[in-house]
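What follows draws every value from the coordinates through simple rules; no lab data is involved. Just so it is clear, the model here is predicted, and its values are computed rather than measured. Backbone-built Cβ (ideal geometry, glycine too); neighbour counts: all protein chains shown.
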Amino acid sequence: QAKRAGRAQFRIDAGQDVPVPVDQLRLEVDLHHAIERRELELFFQPQFDGRTLQVVGAEALLRWRHPQLGMVPPDRFIPLAEESGLIVPIGRWVIDEACRQAAEWSALACRPIGVAVNVSVRQMLGDDIASVVAQALRRHALPAQRLELEITESLAVGDVAQARLLLARLADLGVGVAIDDFGVGYSSLAYLRDLPVQRVKIDRSFLRQVPQDAGSSRLVGAMVSMARALEIGLVAEGVETVEQLDFLCEQGCDAIQGYLLGRPIAGDDFLHRLMADDFGHRGRNAAAKS
Ligand code: C2E
Ligand code: MG
Ligand code: MG
Ligand code: MG
């Protein structure tokens, strides 16, 4: 059985009869020039305080405007960037650009607005991330507390000692770290005890059946309790319905993000809506303020 599987594997590796999608190759080639050709752009999705429902920050989400193919979603090109190593220069650009825009917002809106940046494990391990972050903060005079890096649980699957060292350097800078897509990885919960993490973001798959399904609701409720016990912040992402929002607010969730309260939008649009105080679900803000 093993032998047969081995032979099949060899045939696939030899590349016979395995069509490589043309688009995929094309994307990989074109990605090399995406930064210099200014085809990359950050969109921003607002994050809201769970009690006041005021905007407190945004998650930066990378977009690639391909001249022929149009807008390419990150799920299609981030994996290519990781495989090719291009994630290092791309990731540097993302950190710098996010800091630039966040510094501008806070200055113009006259209140602190934070920004969260996704960093892939490959970038964390393949670059001097703390130096890149320190340089971007300095260049744009952004207070470190306004930047948060979103990493996934998979960082903790590898070398935990190295992960701890990297996160400790970021903590020294004053930059927060959030665990993205919390609860869907294969890592143990031990990393929450062993690593300096300030927030977890509940993966949106957990919210899908909240509040109508009792089991899902209890699980999310338990995550909120766990975060409180560990004294770390909790962000719910993928909040799409008023019922989900009500449930999370009742549970005491710290921060909310999702299509209900705001979709990812271009940086200029984000700034305009911030200045116009034009975010959130109609009627919700008023209800929460009273
Ligand atoms: P993520 O970090 O978990 O980002 C959340 C994704 O969920 C975003 O998709 C966002 O648009 C989407 N989303 C937000 N609210 C809702 C909602 O209410 N309902 C639904 N159905 N979806 C919602 P997006 O922008 O396509 O990004 C996908 C993934 O690509 C991100 O997942 C992140 O892992 C990765 N990514 C995005 N930008 C970057 C980046 O600059 N660097 C790296 N390394 N990865 C990035
Ligand atoms: Mg994220
Ligand atoms: Mg996520
Ligand atoms: Mg994700």
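Run the helix sum for the chain: -39,500 (n - 2.57) per DSSP H stretch of 4+ residues, divided by residue count, reported at 222 nm to the nearest 500 deg cm²/dmol. Kindly include the intermediate steps, with their values, before the conclusion.
Details: 12 runs with 135 residues, N = 290.
Helix-only estimate at 222 nm: -14000 deg cm²/dmol.
How big is D for the range 61-127, in µm² s⁻¹ as a whole number, if Stokes-Einstein is applied with the Kirkwood radius of its Cα pairs at 37 °C and 0.692 mPa s?
Estimated diffusion coefficient is 247 µm²/s.
Which angle between 0 and 90 degrees, to the nearest 10, do you get for helix 22-31 versus the longest principal axis of the chain when only C-alpha atoms count?
Taking Cα atoms only, the helix is inclined about 70 degrees.
Once the convex hull of the alpha carbons of the chain is built, what does its volume come to per residue, in cubic angstrom? Walk me through the numbers on the way to the answer.
Working: hull volume 49.5 nm³, N = 290.
Considering the Cα atoms of the chain, their hull volume per residue is 171 Å³.
Can you give me the distance in nm between label points at Glu243 and His272, each placed 7 Å from the Cα along the Cα-to-Cβ direction?
Placing both labels 7 Å beyond Cα along the Cβ direction yields 3.5 nm.
Answer with one residue from Pro74, Gln101, Ser188: the one whose Cα lies farthest towards the positive end of the charge dipole of the chain, charges on Cβ with Lys, Arg +1 and Asp, Glu -1.
Ser188
Full-extension gain between Gln54 and Tyr186, please, as 0.36 nm times their residue separation minus the C-alpha to C-alpha distance. It would help to have the intermediate numbers written out before the result.
Working: separation 132, 0.36 × 132 = 47.52 nm, distance 3.38 nm.
The Gln54-Tyr186 span can extend by a further 44.1 nm.
Under 4 °C and 1.567 mPa s, how fast does the range 128-183 diffuse according to Stokes-Einstein, given a Kirkwood radius computed over C-alpha pairs? Answer in µm²/s, whole number.
Values: Rh = 11.8 Å.
D = 109 µm²/s.
Working from Cα positions, state the angle (0 to 90°, nearest 10) between the long axis of helix 214-230 and the longest principal axis of the chain.
The angle comes out at about 80 degrees.
Please label the shape of the range 150-290 as rounded, prolate or oblate, based on the square roots a ≥ b ≥ c of the eigenvalues of the alpha-carbon gyration tensor (a/c under 1.5 means rounded; beyond that, a/b larger than b/c means prolate, else oblate).
Values: a/c = 2.18, a/b = 1.38, b/c = 1.58.
In terms of gyration-tensor shape, oblate.
Amide H to amide H, which residues 5 or more places from Glu150 or on other chains are under 5 Å from it, using H placed in the peptide plane?
Val117, Asn118, Val119, Ala178
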